[in-house]
1. Could you say whether any residue in segment A:133-141 is β-branched (Val, Ile, Thr) and either within 12 Å of chain B (Cβ to nearest Cβ) or surrounded by fewer than 24 Cβ atoms within 10 Å (Cβ to Cβ) (or both)?
2. Which of (1) in contact with a Lys or Arg (Cβ under 6 Å, 6 or more places away or on another chain); (2) away from ligand 2 (no atom under 16 Å from the Cβ); (3) outside any helix (DSSP H, G or I) does residue B:192 not meet, given it meets every other one?
3. Has segment B:164-172 got at least one residue that is within 14 Å of another protein chain (Cβ to nearest Cβ) and within 22 Å of residue B:35 (Cβ to Cβ)?
4. Can you name every residue in segment A:267-313 that is part of a loop (DSSP other than H, G, I, E, B), without any contact (Cβ under 8 Å) to a residue 40 or more places away in the chain and in contact with a strand residue (DSSP E or B) (Cβ under 7 Å, 6 or more places away or on another chain)?
5. Can you name the number of the only condition in (1) within 14 Å of chain B (Cβ to nearest Cβ); (2) modelled with pLDDT of 60 or more that residue A:5 fails?
6. Please find, within segment B:115-156, the residue that is nearest to ligand 1 (Cβ to nearest atom) out of those that are among the hydroxyl-bearing types (Ser, Thr, Tyr) and within 8 Å of chain A (Cβ to nearest Cβ).
7. Exactly one condition in (1) buried (at least 20 other Cβ atoms within 10 Å of the Cβ); (2) under 24 Å from the mean Cα position of the chain (by Cα); (3) within 14 Å of chain B (Cβ to nearest Cβ) is not met by residue A:185; state its number.
8. Can you name the residue in segment B:167-189 that is away from ligand 2 (no atom under 16 Å from the Cβ) and among the small types (Gly, Ala, Ser) and, of all such residues, is nearest to residue B:45 (Cα to Cα)?
Amino acid sequence: MSFQLETATVASDTLRRVAIDPVSRVEGHGKVTILLDEDNKVHQVRLHIVEFRGFERFIQGRPYWEVPVMVQRLCGICPVSHHLAASKALDLIVGAVRVTPTADKMRRLMHYGQILQSHALHFFHLSSPDLLFGFGSEVGRRNIVGVAQQYPDIAKKGILLRKFGQEVIRLTAGKRVHGTGAVPGGVNRSLTADERKDLLKDAYQMIAWSRDAVRIIKELHQQDPALYDHFGTVRSSFMGLVAPDGSLDLYHGVLRARDADGRILFDQVDYQTYDRLITEEVKPWSYMKFPYFTAMGPAAGWYKVGPLARVQNCDSIPTPFAEHERRELVAYGGGKPLHGSLAFHWARMIEMLFAAETIKDLLHDDDLSGTELMTGGERRREGVGVIEAPRGTLFHHYQVGDDDLVTMANLIVSTTNNNQAMNTAVREVAKQYLDGKEITEGLLNHLEVAIRAFDPCLSCATHALGKMPLEVRLVDAEGTELDRKYKA
Amino acid sequence: MNDSFLLDGEDIPFTPGQTVMQAAAAAGKYIPHLCWHPDFAAHGSCKLCTVKIGGRFATSCTVRAAAGQEVENRTDELDAKRRTLLQLLFVEGNHFCPSCEKSGDCALQATAYELGMLTPHFDHFYPDRPVDASHPDVLLEFNRCILCELCVRASRDVDGKNVFALAGRGTRSHLVVNSDTGRLADTDFAATDRAAAVCPVGVILKKRVGFAVPIGQRTYDRQPISAGLRADDKAGAGFGEAG
Ligand code: SF4
Ligand code: FES
C-alpha cells in the first residue's frame, strides 16, 4: 500500500509543492520544432525540454540534511545520482572533507549499481529494438517485447543485468528506488558479509554478460559503418570527471575537457570552482539552460558529457576487460575522438562493463562491512558535489546558512550539459532527412533515435517500453506552421 | 479489582478512574489515537479515538471506563470515519512523506497505514507556513502540525516553560511560539526538553539528525503502530504504560 499524496490537481499557482513529480512532468512527450529559412532549408531545430524548470527553488529554505532525499524526487529518472551528488556537496557543509572508507565504498557501490542498471535499461530496453531491428522497422515490434521474441537471450541478459544493478542499489541505499543510504558526512548503513556474498555470486555473470553487450554493439558498428560512424554526428568539445591520475572514475575526481580533436582544454580542475569554468546561458524558448565553457564563449564553448565523452576523455580504465574495450574504441577512431551519436551506445556498454567489474572488486573489500559510517568537521557554508551520472556530469551546488537552511542551490544536470549537443544532433538529422515541407515517418524515426542516443533524462525518452512520444513541428521563415506530426 | 468492560467483544479489566483508552492500552489493545499520550492529561481534540459505547459515539481518551460497558472500536464504520479524519489532517497541512525525515517514526503516517488510507481524497489546502530554523538545535517545520497540543502540554506541564500555544480558530488554528518575536530562538526552549521529543509528526525536529536512521529501520517500519510502540519512546516500553 502506498500513499498517493500527489493526486491533487494544480489548485493555485502560489504553491511550492505542486510542481514536483508528477505535475512538473506534465508534458510526457518530446517536442521538436524545425525552423526553416527563406529557402526552406533547415535553419534551426529546437528540442523542447520541460522537465527541469526551477527545481532549485524547492530546495531553498529547506534544512540541508533533507536535501539528499528530497532531490531524488525532483527527477524520477536517476534518483541515485542526485542523492549522491547532493550528499557529496553536503559532506563539505558538515566538514566531512573526506568520508570514511566504508562510506566512500558504499556510495561507490551504490553509484556503480546505478550505472549498471541505467545503462542496461537504456541499451536493452530502449535502444536495442531500434538497433537490432532498424530504425524504420515496424513500430509494433520495435520494443523489448519484440526483442524478447526474436532475441530471447539478449532480452534476458538485459533484464537480469538491470535487476542486479537494482539489487546493488537496494542493499546500499536501503530501497530499490528513493533510498536514503547516503547522508551528509557519510552513509547510514553498511553491508553484512552475507549480503556481499549474495551479490558476489552473480557478479561474475554480470561481467560476462556486459562483455557480450559490448560485443553486440561492436558488431553492429562493423555491419554498418556508414550509418554508425556518421549518424547524428556532433563535433564538439567534451568534458567529464577523471581520477587525478587520468583514469576513469565515475564517482569522484577532477574535471577534464578536450576539444573536438581530442586536445586537452583543461585538466585537473577542482570542481568546487566549476562556476568559474562554465556559464549557463538562458534562451527564451527553452526551460533548460545552455551551459558553455566561459573561456570559449557561447558559440564555440558548448560541450558533450556522458559515456562517449568519458570513455574518450580518460587515459585508461582501471578494470581490465573494460580497458581492453576502451582501447578498441580508441583504435577505431584512429586517434581522433568519435562524435557520432550512435557511438554513445558503444561507450555506454564499455562503461557498463566497467561498472560490473568495479562492483565485483568492491564486493571483495571488507571496508564495505565497516562500522565507521559518518564523519564531520568544521562547518562550512558552501559545497559543490559532482558525480558522473549515467547520462553525464551532474553538478550540485549549495550554500547553507548558519540556521542550517539552504540559501542557494544550483544544479546542472547531465541532460542540461548536453543540451546544445542534443539540439545540434537533432538539427543535423533534420538536415539530412527532411525532404520538402513534410514531416515523414523516416524523419520522425531518425529524430527519435538521435535524441535517444544521448539518453536524455526526459520521461518521454525513458519510457520503459521504449516508445518515445514525440511531436515535431515544421515552421517556415514567416513563422507559419507547415506540418505537425505526432508519434505516440 | 475485577471490574471490566468489553472492547470489540474482549474483556478488558480496568481500575476505577481509568479512561477506556488507558485501560485498553494497559491491556495491550490498540485504539487509534493521535492527541492522546500516556504521559499527559487527555486532550480529546483529534477525535481519532472515537469509539461507540452502547451505540453512542465517545472519545475513548476522555470517557471513563465503566463495568459492563460494550465498546466498539475497530469496526468498519468507525475506521471509515477515522480515515476521513486522517484525510482532513493530511490535506490541511503539507505532509510530503517521501522527503520527510520523520517518515517511519510519524504517528500520522503510521496511523494512516494502519487504517488503510490510500488517498488524501480532499483538495489540499497547501498552507504556506515558513519553517523556524532560528534555534541552534531544533527546527520547527510547521507545515506538518496536526494541532494535537502535545508539545503545548509537555512544555507547560513537564518543562514548566510554556513555549508553545495554539492560536487562531477553526481552519486558521495554528501553532505559535510564545516569544515577542515568535521565534523559537527567543525562548528558553532546549533540545533536552520533553517538548522537543513529543511531537508525533515531523514538526519539532532535532537539527542535523535527518536520515541517520535509515528508512525501513524505524519504529513503524518494524511494526505497525497498532503493536503499541511509540516512536518517542526509544526505550521501547510500548503497551503497558497505563498512564
Ligand atoms: S507541533 Fe507536533 S506536538 Fe505540537 S501541536 Fe503540532 S503536531 Fe502536536
Ligand atoms: S486521542 Fe482521543 S481525541 Fe485524540
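1. Taking every residue of segment A:133-141 in turn, at least one turns out to be β-branched (Val, Ile, Thr) and either within 12 Å of chain B (Cβ to nearest Cβ) or surrounded by fewer than 24 Cβ atoms within 10 Å (Cβ to Cβ) (or both).
2. That leaves (1) as the condition not met.
3. No - not one qualifying residue is present in segment B:164-172.
4. If the condition is that a residue be part of a loop (DSSP other than H, G, I, E, B), without any contact (Cβ under 8 Å) to a residue 40 or more places away in the chain and in contact with a strand residue (DSSP E or B) (Cβ under 7 Å, 6 or more places away or on another chain), then A:270, A:283 are the ones that fit.
5. Of (1) within 14 Å of chain B (Cβ to nearest Cβ); (2) modelled with pLDDT of 60 or more, only one is false for residue A:5: (2).
6. For segment B:115-156, the residue satisfying everything is B:134.
7. Failed condition: (2).
8. Of everything passing the filter in segment B:167-189, B:170 is nearest to residue B:45 (Cα to Cα).
The values are calculated or read from the model by the stated rules, or taken from the named source; none is laboratory data. Just so it is clear, the structure is predicted and the values come from calculations on it, not from any experiment. Heads up, the Cβs are rebuilt from the backbone with ideal geometry, glycines too, and the neighbour counts pull from every protein chain shown.
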